[in-house]
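Presented below is the structure to which this report refers.
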Amino acid sequence: MVETIQWTDAGVVMIDQTRLPREEKYVTCRTYEEVAEAIRSMVIRGAPAIGVAAAMGIALGVMQTPAETLDAKFGEICETLAGTRPTAVNLFWAIDRMKKVFASHRDLAIDRLRQRMIAEAQKIRLEDIAINMAIGRHGAVLVPDGKTVLTHCNAGALATAGYGTALGVIRAAVAAGKKIDVFADETRPFMQGSRLTVWELQQDGIAATLITDNMAGHFLRQGRIGCVVVGADRIAANGDVANKIGTYSVAVLAKENQIPFYVAAPISTLDFKLATGDQIPIEQRAASEVTHVSGVPIAPAGTAVENPAFDVTPNRYVTAIITENGVARAPFTESLRKLAG
Ligand code: MRU
């Protein structure tokens with residue numbers, strides 16, 4: 001399986017997701033500012049993966065800051081990383097976790113404190129892989145044998161430390177011997193479906209068919225699709241789900257056609273501070289992502305553009321939320337709390 005992100009002596013190494021599938025190039029971020037830029041520019045993306053990247057960025061920052069100025073600088077390092085992308089709550093979850101470890105080990109000698117911060121970031125990475133495999137086990141039983149699974153965006157190994165959430169469910173179902181193939185929405189405008197999901201599934205030899213986003217309704221109506229499985233960037237206390245733009249349309253069309261719509265996400269994606277999805281901040285990205293494809297303009301110069309990177313799917317469209325602790329169903333306000341413990 002592809003290595004999305006790793007801690008090395010040279011820095012934080014990530015596969016550059018802006019270049020896939022044309023090129024498999026690994027970049028090394030040598031400072032926390034470089035990690036922040038990699039998250040902002042989507043060299044690394046996907047909610048759990050950016051959480052791991054932020055944790056490693058903080059560890060890098062702590063490594064490189066002289067002991068005398070560390071207390072003053074630590075807040076700035078965390079703020080820089082927190083300011084990269086607003087929607088995926090895993091980013092803030094990972095930063096909070098690193099802050100707690102920093103605070104509770106502040107009395108250690110500087111070298112030991114640094115080692116402790118690196119160890120925590122590496123632990124977050126390894127835990128994420130184990131969590132995704134557990135999500136896969138819980139989700140695999142829900143996937144109907146002999147049918148097509150529709151997914152949107154990339155919630156795979158590339159979007160996590162490894163294995164993936166939605167693609168983890170698919171991987172686990174295939175490993176359990178189910179005969180399934182995958183329809184991947186191309187996921188305009190950043191093309192995570194065509195560039196990343198199809199590439200990733202091809203690496204594993206899982207049959208993947210690329211469709212444009214506006215074909216999803218057509219195929220959902222035809223009866224060939226057994227279920228939809230997507231990831232999430234943030235899930236409110238009531239089970240409303242923020243995920244890649246276009247997810248909401250797929251969810252509505254799935255319900256209209258009585259096709260189960262599953263969301264696969266770790267517990268760290270739940271945000272109990274937000275009562276409903278209306279409170280989830282939605283990232284707005286550059287107009288050029290919509291007006292250009294690979295640097296080539298596809299709209300007249302000066303075209304007005306909206307580019308929300310995520311949308312919110314109300315909980316009534318969600319059949320179940322698959323976590324590492326089990327599967328939550330409506331009413332989500334109770335079932336999610338119970339699973340989170
Ligand atoms: O803008 P992106 O590519 O970071 O958006 C990613 C998604 O929307 C994923 O579906 C989500 O983060 C879950 S990844 C396991």
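Throughout, read-outs are computed from the coordinates displayed, never taken from laboratory work. Keep in mind that what you see is a predicted model, and the values were worked out from it rather than measured. Here Cβ is always computed from backbone atoms with ideal geometry, including for glycine, and neighbour counts include all displayed protein chains.
A few remarks follow.
- Judged by the mean number of other Cβ atoms found within 10 Å, the most tightly packed of the peptides 299-309, 52-62 leads the ranking 52-62, 299-309.
- Note on the chain: with charges restricted to the Cβ of Lys and Arg (+1) and Asp and Glu (-1), its dipole about the Cα centre is near 740 debye.
- Cα gyration tensor shape of region 139-340, rounded if a/c is under 1.5, else prolate or oblate by comparing a/b with b/c: oblate
- The chain: antiparallel DSSP beta bridges as a percent of all, rounded to 5: 50 percent
- Judged by the mean number of other Cβ atoms found within 10 Å, the most tightly packed of the peptides 178-191, 146-159 leads the ranking 146-159, 178-191.
- Euclidean distance between Cα centres, region 1-40 to region 252-310, Å: 23 Å
- The Cα-based radius of gyration of the chain, divided by its Kirkwood radius, gives an Rg/Rh of 0.97.
- Estimated at 0.36 nm per residue, the fully extended path between residue 299 and residue 76 surpasses their Cα-Cα distance by 76.4 nm.
- Rounded FRET efficiency, nearest 0.05, which uses the C-beta distance separating residue 109 from residue 288 and R0 of 45 Å: 0.40
- Sequence-ordered 3J(HN,Hα) estimates for region 89-106 from the Karplus curve with 6.51, -1.76 and 1.60 and θ = phi - 60° stand at 6, 4, 4, 6, 4, 5, 5, 4, 4, 5, 4, 5, 5, 4, 5, 7, 10, 4 Hz, glycine and proline given as x.
- Over 20 Å [Cα-Cα, region 5-132], rounded percent: 38 percent
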